[in-house]
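Student: Have a look at this one before I ask anything.
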């Protein structure tokens, strides 16, 4: 699991807290390649912000496995066109609006099932910060180009490949892939996606170094 210096965590918590100093709804995006630690950092921020933030992962917008198979995309799961990008941007726009009295429900992604789960994450209107994390928040092609303007701030997580790739393989194994299959999947699929994700690095407000 990627690590961070405690002082750096404190700095990032303070920066996130500052986004909602006026109490208005804001959206913070955390991008980076597969295995960089996006979900880990996002969860730590939400825990430290103590009720001020809700976490809405981009992975909830994976297309269902049956649909990927119908489209012939199952072998490319995780690529930009294997998500409902338009649905994700529509949800971000709705979350930004924060209609009084209305809880917005977002989908989650169950790694054990390898399937999205609809309506799994409640975002109450009184929560001022939505933290969203995923690979393609800074991608500027097709429907993904609409995501960046919906983020009040975007961070890019940077982790050396020598640490990131073995951790990514280990994660796949932990969730059920055989070692050989996990290594092939990372080399042939995840790393192709990682190269694409890296093209968005310069569009981030902040680059966060992970260990």
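Student: Is there a residue in the range 160-174 that is in contact (Cβ under 8 Å) with a residue 40 or more places away in the chain, more than 24 Å from residue 25 (Cβ to Cβ), assigned to a loop (DSSP other than H, G, I, E, B) and more than 15 Å from the chain's Cα centre (by Cα)?
Tutor: There is no residue in the range 160-174 that is in contact (Cβ under 8 Å) with a residue 40 or more places away in the chain, more than 24 Å from residue 25 (Cβ to Cβ), assigned to a loop (DSSP other than H, G, I, E, B) and more than 15 Å from the chain's Cα centre (by Cα).
Student: Given the conditions (1) assigned to a helix (DSSP H, G or I); (2) over 18 Å from the mean Cα position of the chain (by Cα); (3) more than 23 Å from residue 161 (Cβ to Cβ), report the number of the one that residue 100 does not fulfil.
Tutor: Condition (1) is where residue 100 drops out.
Student: All but one of (1) touching a residue at least 24 places away in the same chain (Cβ under 8 Å); (2) assigned to a strand (DSSP E or B) hold for residue 119; which doesn't?
Tutor: (1)
Student: Out of all the residues in the range 66-113, which are surrounded by 15 or more Cβ atoms within 10 Å (Cβ to Cβ), touching a residue at least 60 places away in the same chain (Cβ under 8 Å) and closer than 27 Å to residue 173 by Cα?
Tutor: If the condition is that a residue be surrounded by 15 or more Cβ atoms within 10 Å (Cβ to Cβ), touching a residue at least 60 places away in the same chain (Cβ under 8 Å) and closer than 27 Å to residue 173 by Cα, then 76, 77, 78, 79, 80 are the ones that fit.
Student: For residue 156, state whether it is surrounded by 15 or more Cβ atoms within 10 Å (Cβ to Cβ) and outside any loop (DSSP other than H, G, I, E, B).
Tutor: yes
Student: Same structure again: Can you name every residue in the range 103-123 that is within 19 Å of residue 189 (Cα to Cα) and within 14 Å of the chain's Cα centre (by Cα)?
Tutor: Passing the criteria: 109, 111.
Student: Filter the range 129-145 down to residues that are assigned to a helix (DSSP H, G or I) and in contact (Cβ under 8 Å) with a residue 60 or more places away in the chain and give me whichever is surrounded by the most Cβ atoms within 10 Å (Cβ to Cβ).
Tutor: Residue satisfying both the conditions and the ranking: 144.
Student: I would also like to ask the following. Can you tell me which condition residue 43 does not meet? The list is (1) on the phi > 0 side of the Ramachandran plot; (2) in contact with a strand residue (DSSP E or B) (Cβ under 8 Å, 6 or more places away or on another chain), and all the others hold.
Tutor: (1)
Student: Here's another thing I want to ask about it. Report yes if some residue within the range 185-196 is closer than 23 Å to residue 81 by Cα, in contact with a strand residue (DSSP E or B) (Cβ under 7 Å, 6 or more places away or on another chain) and in contact (Cβ under 8 Å) with a residue 24 or more places away in the chain; otherwise report no.
Tutor: No, that holds for no residue.
Student: Could you say which residue among 164, 174 is surrounded by fewer than 16 Cβ atoms within 10 Å (Cβ to Cβ) and more than 28 Å from residue 50 (Cα to Cα)?
Tutor: One residue alone meets the criteria, 174.
Student: Something else: When you check residue 108 against the structure, is it in a strand (DSSP E or B), in contact with a helix residue (DSSP H, G or I) (Cβ under 9 Å, 6 or more places away or on another chain), at pLDDT 95 or above and farther than 20 Å from residue 35 by Cα, yes or no?
Tutor: no
Student: I'd like the residue in the range 186-195 that is touching a helix residue (DSSP H, G or I) at 6+ places or on another chain (Cβ under 7 Å) and surrounded by 20 or more Cβ atoms within 10 Å (Cβ to Cβ) and, out of all such residues, is farthest from residue 77 (Cα to Cα).
Tutor: Restricting to residues being touching a helix residue (DSSP H, G or I) at 6+ places or on another chain (Cβ under 7 Å) and surrounded by 20 or more Cβ atoms within 10 Å (Cβ to Cβ), the top hit is 186.
Student: Which of (1) crowded, with 19+ Cβ neighbours inside 10 Å; (2) touching a strand residue (DSSP E or B) at 6+ places or on another chain (Cβ under 9 Å); (3) closer than 23 Å to residue 210 by Cβ does residue 35 not meet, given it meets every other one?
Tutor: Only one criterion in (1) crowded, with 19+ Cβ neighbours inside 10 Å; (2) touching a strand residue (DSSP E or B) at 6+ places or on another chain (Cβ under 9 Å); (3) closer than 23 Å to residue 210 by Cβ is unmet by residue 35, namely (2).
The values are calculated or read from the model by the stated rules, or taken from the named source; none is laboratory data. Everything numeric here is computed off the predicted structure, so don't read it as measured data. All Cβ positions, glycine included, derive from the backbone under ideal geometry; neighbour counts span all protein chains shown.
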